[in-house]
Amino acid sequence: MMPSSFPRGAPHVPTNHPARRAVQEIPRPHRHRRDFLDIHLPKPLRALCDLTTLRLESGSFIEPALRNACSDILYSLKTTRGDGYIYCVIEHQSTPDPLMAFRLMRYSILAMQSHLDK
């Protein structure tokens, strides 16, 4: 049976913690979002994306128990291969978590399920 939350790697980070505020302030204006992705996407992936079509999608796929330490953002956009998504997860973590790859995969699958449900 799959756990509904992951207590490991789920430190309590107060709302006013600098790391939490930084997560909440991920580029808001549209031009800053494009610049952020233009800088941070790997060049081969960036070449596939039309960042002028970037659109912020609503919703979060982070486990409720981790929302004090994590934030996620889902963008939709056009690519050279059709419609696509870019999913960003930012997490404050003070210790390594052996389940991190599993959590990222789970969040991505939830985002894909959301797309299929539309």
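Can you tell me how many residues in the stretch 58-87 are among the acidic types (Asp, Glu) and exposed (fewer than 14 other Cβ atoms within 10 Å of the Cβ)? Spell out the reasoning first.
In the first step, residues of the stretch 58-87 are kept if they are among the acidic types (Asp, Glu); the result is 63, 72, 83.
Keeping just the survivors that are exposed (fewer than 14 other Cβ atoms within 10 Å of the Cβ) gives 83.
Looking only at that region, the number is 1.
For residue 90, only one of the following conditions fails: (1) open to solvent by less than 50 Å² (accessible area, probe 1.4 Å); (2) among the β-branched types (Val, Ile, Thr); (3) under 12 Å from the mean Cα position of the chain (by Cα). What is its number?
(1)
Can you name every residue in the stretch 84-101 that is farther than 24 Å from residue 55 by Cβ and small (Gly, Ala, Ser)? Steps first, please.
Keep residues of the stretch 84-101 that are farther than 24 Å from residue 55 by Cβ, which gives 92-101.
Within the stretch 84-101, 94, 101 qualify.
The values are calculated or read from the model by the stated rules, or taken from the named source; none is laboratory data. As the structure is a prediction and not an experimental result, all values here were calculated from the model. Cβ: placed from backbone, ideal geometry, glycine included. Neighbour counts: every protein chain shown. Just so you know, the surface numbers come from the protein's heavy atoms only, side chains and all, with ligands and any DNA or RNA stripped out. Shrake-Rupley method; radii C 1.70, N 1.55, O 1.52, S 1.80 Å.
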